[in-house]
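The values are calculated or read from the model by the stated rules, or taken from the named source; none is laboratory data. As the structure is a computational prediction, the values presented were derived from the model and not from experiment. Here the Cβ positions follow ideal geometry from the backbone for every residue, glycine too, while neighbour counts run over all protein chains shown.
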Amino acid sequence: MSILIAAYNQLPFLRRTLLGLIRQTFTDFEVIICDDGSDADIGALVDEMTGRFEFGLQHVRQENEGFRKCMMLNKGVLKARSDYLIFLDADCIPHKSFIAEHVCERERGRFLVGRRVELGDNVTGDLDDAKILAGWLERRWLMALLDGLMKRVRHLEAGVYFPRFIRSGVDSGAMGLLGCNFSCSKDDLLGVNGFDEDFTSAGVGEDTDLERRLRLGGLKSKSVKHYAICYHQYHPLVAGRENSIELLKKREFKGGARCVMGLDRYDRVS
């Protein structure tokens, strides 16, 4: 497996994401940090963490020229050695079974889509290395209920983990794609030419547009909500989504499965 982490600054958040990956129950994976021009010294964190991942930790970086997440993810895909790709954002901490569930639930002709628990400012501020490594977020459900009532956590229900023996009645059908928690085969992503680099603001290009094109390419989504769980660390919302929303409307009106500004702009794909 190749785990691609979209990153930009917020070094403490990325550190917690990597610590969450260290404690995964499934360990046969490489990690690729897709760095969209961070000012923070991510290189030092990579040096510290590299030896803790059996199949490697790569840091792929481009210069900061504004929001170019789609371009950075395409560059990360070029570096991926696996035929199956799992996408995670650097502000999201994975449940210990996150990768195992994406691996177990993958299915030909499907892309997998999960959800995230939205941690509030107070809960995010309480996190530290020891708590992440001890699985604190997975074990504190009585407190989490209180947090939900006090609106310190949103989408709390997305953090309820369903073990395999009770899943027969759980809907695993169609659900929208979130860029912070999804997976697909590398061949399927190549089939739609990857992420559309014309999208240069947050919110729709790396997920809504990609979902639309994957469906046009003949794929269906499969929900891994309650299976592949991640916890989103609080930070203010990124502004300036209007241009990408307008572009998405144009693409929905007239646009095929393959984007123009995608992976085939580059010389070769590994």
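Output yes when any residue across the range 222-241 is of a type outside the set (Asp, Glu), at positive phi, touching a Gly at 6+ places or on another chain (Cβ under 7 Å) and touching a residue at least 60 places away in the same chain (Cβ under 8 Å), and no when none is.
No - not one qualifying residue is present in the range 222-241.
Among residues belonging to the range 69-85 that are in a loop (DSSP other than H, G, I, E, B) and not hydrophobic (A, V, I, L, M, F, W, C), point out the one that is surrounded by the most Cβ atoms within 10 Å (Cβ to Cβ).
Selected residue: Ser82.
For the range 6-28, how many residues are of a type outside the set (S, T, N, Q) and farther than 23 Å from Gln62 by Cβ?
7
Using beta carbons and a limit of 6 Å, which pairs, at least six apart or on different chains, have the first residue in the range 30-44 and β-branched (Val, Ile, Thr) and the second one buried (at least 19 other Cβ atoms within 10 Å of the Cβ) and in a helix (DSSP H, G or I)?
Here the result reads Ile32/Gly76, each pair linking the range 30-44 to a residue that is buried (at least 19 other Cβ atoms within 10 Å of the Cβ) and in a helix (DSSP H, G or I).
Which condition breaks for Leu142 when tested against (1) closer than 18 Å to Tyr227 by Cα; (2) modelled with pLDDT under 90; (3) surrounded by fewer than 18 Cβ atoms within 10 Å (Cβ to Cβ)?
With (1) closer than 18 Å to Tyr227 by Cα; (2) modelled with pLDDT under 90; (3) surrounded by fewer than 18 Cβ atoms within 10 Å (Cβ to Cβ) applied to Leu142, the lone miss is (1).
Starting from residues that are among the aliphatic types (A, V, I, L, M) and under 15 Å from the mean Cα position of the chain (by Cα), keep the ones in the range 224-238 and report whichever is farthest from Thr124 (Cα to Cα).
Out of the qualifying residues, it is Val224.
Select from the range 94-123 the residues that are farther than 20 Å from Met1 by Cβ, in a strand (DSSP E or B) and of a type in the set (A, V, I, L, M, F, W, C) and list them in ascending order.
Val117, Leu119
Looking at this structure, is Ser82 of a type in the set (Ser, Thr, Tyr), touching a Phe, Trp or Tyr at 6+ places or on another chain (Cβ under 8 Å) and more than 20 Å from Ala6 (Cβ to Cβ)?
no
Could you please give the count of residues in the range 161-188 that are among the basic types (Lys, Arg), closer than 20 Å to Lys220 by Cβ and at pLDDT below 90?
Counting residues in the range 161-188 that are among the basic types (Lys, Arg), closer than 20 Å to Lys220 by Cβ and at pLDDT below 90 gives 1.
Filter the range 241-255 down to the residues that are in a helix (DSSP H, G or I) and more than 24 Å from the chain's Cα centre (by Cα) and list them by number.
Lys250, Phe253
Among Gly66, Gly43, Gly51, which is in a loop (DSSP other than H, G, I, E, B) and either closer than 18 Å to Ile93 by Cβ or not hydroxyl-bearing (Ser, Thr, Tyr) (or both)?
Being in a loop (DSSP other than H, G, I, E, B) and either closer than 18 Å to Ile93 by Cβ or not hydroxyl-bearing (Ser, Thr, Tyr) (or both) holds for just one of Gly66, Gly43, Gly51, which is Gly66.
Can you tell me which of Arg251, Arg258 is at pLDDT 90 or above and over 18 Å from Leu178 (Cα atoms)?
Testing whether each residue is at pLDDT 90 or above and over 18 Å from Leu178 (Cα atoms) leaves just Arg258.
Determine whether Lys250 is free of Cβ contacts under 8 Å to residues at least 24 places away in the same chain and among the basic types (Lys, Arg).
Spelling it out, Lys250 is indeed free of Cβ contacts under 8 Å to residues at least 24 places away in the same chain and among the basic types (Lys, Arg).
How many residues are farther than 23 Å from Ile99 by Cα and outside any loop (DSSP other than H, G, I, E, B) when one looks only at the range 205-240?
5
Could you tell me whether the range 222-244 includes any residue that is over 30 Å from Arg23 (Cβ atoms), hydroxyl-bearing (Ser, Thr, Tyr) and buried (at least 21 other Cβ atoms within 10 Å of the Cβ)?
yes
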